[in-house]
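Every number here is computed from the coordinates shown, using simple stated rules; none is lab data. Just so it is clear, the model here is predicted, and its values are computed rather than measured. Neighbour counts are summed over all protein chains in view; Cβ atoms, including those assigned to glycine, are modelled from backbone coordinates with ideal geometry.
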Amino acid sequence: MKRTAFILPLLLFTLSASYGQSVFDTARLADIKTSYASLPNGPEALEALLRQADRALTLDIVPVTDKTILAASGDPHDYVSMGPYWWPDPEKPDGLPYIRRDGERNPESERLDRTKMNTLVGTVRPLTLAWYFTGDERYAARAVHNLRVWFLDEETRMNPHFEYAQMIPGHNGGRGRAAGLIDGYSFVPVTDCIRLLEGSESMTAADAAGLREWFSRLVDWMTGSEIGIAEYEATNNHGLAYDVQLAAYAMLAGRDDVARRVVDEFPRVRLFTQIEPDGSQPHELGRTMAMHYSLYNIDHMLDMCLLAGRMGTDMYRVSSEDGRSIKGAVDFIRRWLGRPQDEFPWSEIGSWESNQQKLAWTLRYAALFDNDPEYLRLFEEYSTAQPADIRWLLLAIP
């Protein structure tokens, strides 16, 4: 009872705590650590981060094995989630098979392991950053404990695959889908947390080796399984997010050959096929949440920019002969910042104001790679972020 009682409040905490990025630039973090007091809203943002971390100290994560709904395998160590946009068929007495309602999230999905994974990340990330900025080992100790529970302990650890992610009731015998691999994107920031925590007293050499081995096995599954290969072949944000995940996991696992291949192929395989010369993303604009998914995909592109930078590649500056580039995608979508929804020529069933604020922060994220002063001017004009928003800290522009 103690564990499950904390799921809802922590879920709300996780969803409200936006970080603006999933990959950390450790060199920038080091600079921010020494200069945060002089940054705009830096002290307030750090206080907000510490409040999140203090709350995370008191919360128990729920291991993947603590469940009442098993994967079709019957193994409690197997992660299982449900496709978020699938609902019971009202024309069928039992609702099976479920039918798709794009952009409309079925609350049934919150009963499965995706919520538990969000809880894990929602504690590990603030705890790790709080330790990094303060040196208080309590934060590191709790973060490492949570990582051990989810990835290392024999009784509670998750098996390193997503074979049963985003299954759809009534379809495919309960097996997962290639699209379900995007659930794993939550682990991208965890890889950077592990890197940082290796500098703490709480993470042992055995912990670090075990975590790297777990992610190496996940790399093998992503590159060798039917589901993993199918997600690689996705032509929209799913394929792009696959590449970011694979690169992040391979880098942590020391699989530099895999990471190098992903980074080298990324422009041709993802950017030049998903971005038009005018900067539009047709696969995302065709969704019922066109603004949301356009920004979602751009943020993944910017995460890849940080990963590629570790290998000496300036991904943001890459452009095709006919002008397809990340900057082009940013410039295309930014033209709707500050404009009413009825001027947006595509569907957006989500909150227009929330997407406006997301767009403002996406421009600030892009400003880490682009010296276009218009990005920061637009951010300053349209962002309504409070001083205690932790993105002031993590996306600081010194």
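So who's got an amide H within less than 5 Å of the one on V80, skipping anything under 5 residues away but keeping other chains? H placed 1.01 Å off N, in plane.
Those lying under 5 Å, H to H, from V80 are D113.
Once volume of the Cα convex hull per residue in Å³ is worked out from the coordinates, which option in (i) 152; (ii) 140; (iii) 170 does it equal?
(ii)
Name the residue, out of P373, P40, P282, whose mean-square fluctuation peaks in a Gaussian network model built on the chain with Cα pairs under 10 Å.
Looking only at P373, P40, P282, the largest GNM fluctuation is found for P373.
Charges only on Cβ, +1 for Lys and Arg, -1 for Asp and Glu: so what's the dipole of the chain about the Cα centre, in debye to the nearest 20? Let's see the in-between values first.
Working: 41 positive and 57 negative charges, 96 e Å.
The dipole of the chain has a size of about 460 debye.
Mind putting together the pair-distance distribution for segment 350-398? All Cα pairs, 5 Å bins, whole percent per bin, short to long.
Using 5 Å bins, I get a P(r) of 5, 22, 31, 27, 12, 3, 0 for segment 350-398.
Which one, L302, L127, L70, has the greatest fluctuation when you compute a Gaussian network model over the chain with C-alpha springs under 10 angstrom?
Maximum among the listed residues: L70.
Quick check: net charge around L252, other residues with Cβ under 10 Å of its Cβ, Lys/Arg +1 and Asp/Glu -1? Can you show the working numbers first?
Details: positive: R195, R212, R255; negative: D192.
Around L252, the charge tally is +2.
Counting only C-alpha contacts under 8 Å and six or more residues apart, can you give the relative contact order of segment 23-141 as a whole percent? Spell out each step's value before the answer.
Numbers: 109 pairs, mean separation 30.9, N = 119.
Here the relative contact order equals 26 percent.
In debye to the nearest 20, how big a dipole does segment 223-275 give about its Cα centre with +1 on each Lys and Arg Cβ and -1 on each Asp and Glu Cβ? Display every interim value, and only then the final one.
On the way: 5 positive and 8 negative charges, 30 e Å.
The calculation lands at about 140 debye.
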